[in-house]
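Asks: Structure incoming, see below.
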Amino acid sequence: GMQGYIIARTRYLDEYFQNCLDSGFEQAVILGAGYDSRAYRFKDLARRTRIFEVDHPATQEEKKRKLRSVLGGLPDHVTYVPIDFTREALEDRLFEHHYDPGRQTVFLWEGVTYYITADAVDRTLAFVARHSGRGSSIIFDYTYDSVVNGTCPRREARLWRKTMIPRGEPLLFGIEEGGIEAFLTGRGFQTPTDVSGNSLK
């Protein structure tokens, strides 16, 4: 169930990220970075790419503390962008940290969309569509709206929804099954690809 999904998701995003770096992408933005380690695991490739890690200030400061302990310092190719999404705009914070909207950029958005509001999802996608260079790309995972509203019959979906509520991270956003292409093209994106477990077999 969930454990297998997370392993497959991370592996797939790793390969996607590496392919983008190999293809010469000049910037990478990791949204809701948390303890994402790609900027450090892919350091030889990433040295050719400016990486922006965007996250809540408290989480980011704790991560930087751990990185200094493990690595002896913070790497030069990573720019840390603290943001409180309830009070600050992604556009403002990234531009303050010298993000270049004219460069080809890959955006990674892992394990985030279903915990934020539809409006927050739309604002983030609007930034990507309007403020990234030609050939840029975004990759993210999402869940179905039936999982969010509790009508999905799968046991794993019901359990996930139930366990997140007492943790203070209820599921807030989903996309209708089969509706991802229309959802993205309607927001200015081209050639969207939907990847499921079946397509990875």
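Where a number appears in this text, it was derived from the coordinates with a stated rule and is not lab data. Small disclaimer: the values here were computed from a predicted structure and weren't measured. Cβ atoms come from the backbone with ideal geometry, glycine included; neighbour counts cover every protein chain shown.
Asks: Could you give the length gained on full extension between Arg167 and Thr191, defined as 0.36 nm per residue of separation minus the Cα-Cα distance, in nm?
Replies: Result: 5.0 nm gained on full extension.
Asks: Could you give the angle, 0 to 90 degrees to the nearest 10, between helix 2-22's Cα long axis and the longest principal axis of the Cα atoms of the chain?
Replies: Once rounded, the angle reads 40 degrees.
Asks: Still on this structure, please answer the following. Defining a contact as two alpha carbons under 8 Å apart and six or more residues distant in sequence, what relative contact order in percent does the chain show?
Replies: With pairs under 8 Å counted, the relative contact order is 18 percent.
Asks: Compute the angle between helix 57-71 and the longest alpha-carbon principal axis of the chain, please, reported from 0 to 90 degrees and rounded to the nearest 10.
Replies: Helix 57-71 sits at roughly 60 degrees to that axis.
Asks: Return the distance in nm (one decimal) between the two label points of a simple spin-label model at Arg134 and Tyr16, each offset 7 Å from Cα along Cα→Cβ.
Replies: Spacing of the two 7 Å Cα→Cβ label points: 2.4 nm.
Asks: Another question, if that's okay. Ignoring everything except DSSP H segments at least 4 long, calculate the 222 nm mean residue ellipticity for the chain; use -39,500 (n - 2.57) per segment, divide by total residues, nearest 500.
Replies: It comes out at -12000 deg cm²/dmol, rounded to the nearest 500.
Asks: Moving on to the next point. Tell me, what is the Rg over Rh of the chain, with Rh the Kirkwood radius over Cα pairs?
Replies: Rg/Rh: 0.95.
Asks: Taking the Cα centre of the chain as origin, work out the dipole magnitude from +1 charges on Lys and Arg Cβ and -1 charges on Asp and Glu Cβ, in debye rounded to 20.
Replies: 580 debye
Asks: Between Glu176 and Arg65, what is the FRET efficiency for a Förster distance of 35 Å, r being their Cβ-Cβ separation, to the nearest 0.05?
Replies: For R0 = 35 Å, the calculated efficiency reads 0.25.
Asks: Between Lys43 and Asp141, what FRET efficiency follows from the Cβ-Cβ distance if R0 is 22 Å, with the result rounded to 0.05?
Replies: 0.35
Asks: May I ask for the net charge around Lys66, where only other residues with Cβ less than 14 Å from the Cβ of Lys66 are counted and Lys, Arg are +1 while Asp, Glu are -1?
Replies: Here the count lands on -1.
Asks: When only Cα pairs under 8 Å and 6 or more residues apart are kept, what is the percent relative contact order across the range 120-201?
Replies: Reported relative contact order: 28 percent.
Asks: Would you work out which of Gln3, Phe140, Ala58 lies farthest towards the positive end of the dipole of the chain, given +1 charges on the beta-carbon of Lys and Arg and -1 on that of Asp and Glu, about the Cα centre?
Replies: After comparing all options, I get Gln3.
Asks: Compare the Cα positions of Leu90, Pro75, Thr105 along the charge dipole of the range 61-116 (+1 at Cβ of Lys, Arg; -1 at Cβ of Asp, Glu; about the Cα centre) and return the one farthest towards the positive end.
Replies: Pro75
Asks: Run through the DSSP bridge list for the chain and note the antiparallel percent, rounded to the nearest 5.
Replies: Beta bridges within the chain, antiparallel portion: roughly 0 percent.
Asks: Let me ask something else. Can you give me the Kirkwood hydrodynamic radius for the range 58-140, using every pair of distinct Cα atoms, in Å to one decimal?
Replies: Across the range 58-140, the inverse of the average 1/r is 14.4 Å.
Asks: Given an 8 Å cut-off on Cα distances and at least 6 residues of separation, report the relative contact order of the range 1-117 as a percent.
Replies: Dividing the mean separation by the residue count of the range 1-117 yields 32 percent.
Asks: Give the residue list of trypsin sites (Lys or Arg not before Pro) in the range 50-157 that are DSSP loop and have at most 11 other beta-carbon atoms within 10 angstrom.
Replies: Qualifying residues, ordered by number: Arg87, Arg134.
Asks: Bin by bin, in steps of 10 Å, what percent of the Cα pairs in the range 50-92 do you find, going until the bin that has the longest distance?
Replies: That works out to 27, 52, 19, 2, in percent per bin.
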